[in-house]
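Colleague: Pasting in a structure now, in structure tokens, and then I'll have a few things to ask.
The values are calculated or read from the model by the stated rules, or taken from the named source; none is laboratory data. Not measured: the values here are computed from a predicted model. For neighbour counting, all protein chains shown are included, and Cβ atoms are generated from backbone atoms with ideal geometry for every residue, glycine included.
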Amino acid sequence: MSSLGKTLFSRLDGLILLLYIMLVAIGIMAVYSVEHRTTDTSFIMMNKSYMKQLIWFGYSLLIGFFILLTDSKFFSSFAFLIYTVCIAVLIVTIFAGVDVKGSRSWLAIGSFRFQPGEVAKIFTSLAIAKFIALPETNFKTLKHRLFAVAIAMAPAVLILLQKETGLALVYFTFFLVMYREGLPNAILVVGFSLIALGLATLLVDRTILFVVLTALAALIAWNMRYTLRRKMGPRIILIGAYLFCILFSQIAVPFAFKHVLQRHQIDRIYSTIGKEVPDEYDKTMVAGEDKKGNSSEYNVLQSKIAIGSGGMWGKGFLNGTSTKNQFVPEQNTDFIFCAIGEQFGFVGSAVLVLIYISLMVRIIIVGEKQRSDFSRIYAYCVACILFFHFAINISMTIGLMPVIGITLPFLSYGGSSLLSFSILIFILVRLDADRHALIR
């Protein structure tokens, strides 16, 4: 085993592992900084979150060690089977999940609790990589593209049923992976167009939007009048697109806000675009619930105050007044970036962002070097998941995106989150080790 072990561990990508350890260490330090009190008698206090995170890091390294010793063919061979089991667990979670802050996305086994949706990202990545890499898969055909979309969206739908919207959105990042593998540009254009239409629906009066869409359709029809006279296809597409936009803006969005989204989700969306919640969406609130205090405006305001007070160089380690005095909600989980911004300022925040970017770029470089389609696609899955969490979390802490409960990879406190991201990284490193073996 010694000679085999040396051969294997010498092929591991040291840069990815180094950046991973750096981020976890920064995360534990950040959680410690927001929980430290002058009355603490020792660093080793098992009731503190940073100690629990340190223990989870130990578990992650142990599991990572076993992953590195596993034959890399295992991940490809059992990808579909593990994915199926994962789907079954997500279904069970809908009915047997523990209610945490209005979400039933947690399973409890005794005192141990974990979030299956976090772990599902790993197995969905493996399943998508396995399917697209199959010799019989032709990703240029509509059938196989729809099948890949179904693999990615099945967990998202089940997680939405658990009322965990933020985590469900992560699964849309797999469209970026599919785009790398040949998904048409038109899909991305349609996706961004829907986002723009959704924003317009929230920002513009629906009557005015109806008039604008009708005028736009008429203008397009006038410019294409000669083509529309001769061909039926363009006429059907134009009429279909117009009707879809009208139904989406006039019926679908209002219905979602009235009957699907919860009050706090509506608050987050409207606070992000800087508007008050319209009276028609002003749902009855839970008894004793304060409308202003419940909205994400307070959370984001305190977050921006904490980050802004850090200035260029920060207030220094353990000197963050906003985070130390717990003015920032969820400061050791979703808003952990505030601890970095307040204590280490713009420079420290920029260094952290640089580490994240370096890790993602390195993963993409490693992915492009793979000789196996499965390994390349999996690498892009990991990079896209990290990018989504990183971009959305930091954006929501500075008020650029709605607060949707997305963790900052490796930094936010949470065993399920740290373990799932660690497994993603270790599987990638293990697959890449075989690429080096093939070269030699």
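Residue-by-condition table, conditions (1) surrounded by 12 or more Cβ atoms within 10 Å (Cβ to Cβ); (2) touching a helix residue (DSSP H, G or I) at 6+ places or on another chain (Cβ under 8 Å):
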| position | (1), (2) |
| --- | --- |
| Ala30 | yes, yes |
| Ile44 | no, yes |
| Leu54 | yes, yes |
| Phe57 | yes, yes |
| Ser60 | yes, yes |
| Phe66 | no, no |
| Thr93 | yes, yes |
| Val98 | yes, no |
| Ser111 | no, no |
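Colleague: Here's another thing I want to ask about it. Being without any contact (Cβ under 8 Å) to a residue 60 or more places away in the chain and not in a helix (DSSP H, G or I) is the filter here; which residues of segment 180-210 pass it?
Modeller: If the condition is that a residue be without any contact (Cβ under 8 Å) to a residue 60 or more places away in the chain and not in a helix (DSSP H, G or I), then Gly182, Leu183, Pro184, Val204, Asp205 are the ones that fit.
Colleague: Also: Can you find a residue that is of a type outside the set (Lys, Arg), closer than 17 Å to Tyr83 by Cα and either in a loop (DSSP other than H, G, I, E, B) or modelled with pLDDT of 90 or more (or both) anywhere in segment 97-105?
Modeller: no
Colleague: Specify the residue that is modelled with the highest pLDDT; the eligible residues are those in segment 356-375 that are closer than 25 Å to Phe80 by Cβ and either among the hydroxyl-bearing types (Ser, Thr, Tyr) or surrounded by fewer than 16 Cβ atoms within 10 Å (Cβ to Cβ) (or both).
Modeller: Looking at residues that are closer than 25 Å to Phe80 by Cβ and either among the hydroxyl-bearing types (Ser, Thr, Tyr) or surrounded by fewer than 16 Cβ atoms within 10 Å (Cβ to Cβ) (or both), I get Ser375.
Colleague: Turning to a different aspect of this structure: Criterion first (within 27 Å of Lys52 (Cα to Cα), charged (D, E, K, R) and either assigned to a helix (DSSP H, G or I) or free of Cβ contacts under 8 Å to residues at least 24 places away in the same chain (or both)) does Arg430 satisfy it?
Modeller: The answer is yes for Arg430.
Colleague: Another question, then. Pull out all pairs, ordered by first then second residue, where Cβ-Cβ is under 8 Å, the residues are six or more apart or on different chains, the first lies in segment 155-174 and is among the basic types (Lys, Arg), and the second is buried (at least 22 other Cβ atoms within 10 Å of the Cβ).
Modeller: What qualifies is Lys163/Ser105.
Colleague: Would you be able to say whether some residue in segment 82-94 is touching a strand residue (DSSP E or B) at 6+ places or on another chain (Cβ under 6 Å) and over 30 Å from Val351 (Cβ atoms)?
Modeller: Within segment 82-94, one or more residues are touching a strand residue (DSSP E or B) at 6+ places or on another chain (Cβ under 6 Å) and over 30 Å from Val351 (Cβ atoms).
Colleague: Return yes or no: is Ser76 under 21 Å from Leu419 (Cα atoms), touching an Asp or Glu at 6+ places or on another chain (Cβ under 6 Å) and assigned by TED's automatic domain parsing to the domain that holds Ile21?
Modeller: no
Colleague: Considering Ile377, Ile365, which residue is free of Cβ contacts under 8 Å to residues at least 24 places away in the same chain and among the β-branched types (Val, Ile, Thr)?
Modeller: Ile365
Colleague: Hey, another quick one. Could you list, in sequence order, all residues of segment 33-75 that are more than 24 Å from Phe337 (Cα to Cα) and charged (D, E, K, R)?
Modeller: Once the filter is applied, which keeps residues that are more than 24 Å from Phe337 (Cα to Cα) and charged (D, E, K, R), segment 33-75 yields Asp71, Lys73.
Colleague: Give segment 381-404 a look and list any residue that's buried (at least 21 other Cβ atoms within 10 Å of the Cβ) and of a type in the set (Gly, Ala, Ser), or say none.
Modeller: Within segment 381-404, Ala383 is the sole residue that qualifies.
Colleague: Here's something else I'd like to know. Could you check segment 40-82 and list, in sequence order, the residues that are of a type in the set (Ser, Thr, Tyr) and modelled with pLDDT of 90 or more?
Modeller: If the condition is that a residue be of a type in the set (Ser, Thr, Tyr) and modelled with pLDDT of 90 or more, then Tyr59, Ser60, Thr70, Ser76, Ser77 are the ones that fit.
Colleague: Is at least one residue of segment 203-223 under 30 Å from Glu276 (Cβ atoms), loosely packed, with under 12 Cβ neighbours inside 10 Å and among the hydroxyl-bearing types (Ser, Thr, Tyr)?
Modeller: Yes; the residues of segment 203-223 include at least one that is under 30 Å from Glu276 (Cβ atoms), loosely packed, with under 12 Cβ neighbours inside 10 Å and among the hydroxyl-bearing types (Ser, Thr, Tyr).
Colleague: Just to be sure I understand, how many residues within segment 309-329 are assigned to a helix (DSSP H, G or I) and exposed (fewer than 15 other Cβ atoms within 10 Å of the Cβ)?
Modeller: Matching residues across segment 309-329 total 1.
Colleague: From Leu183, Leu167, Leu197, Leu176, which residue is more than 30 Å from Asp373 (Cα to Cα) and surrounded by 13 or more Cβ atoms within 10 Å (Cβ to Cβ)?
Modeller: Leu197
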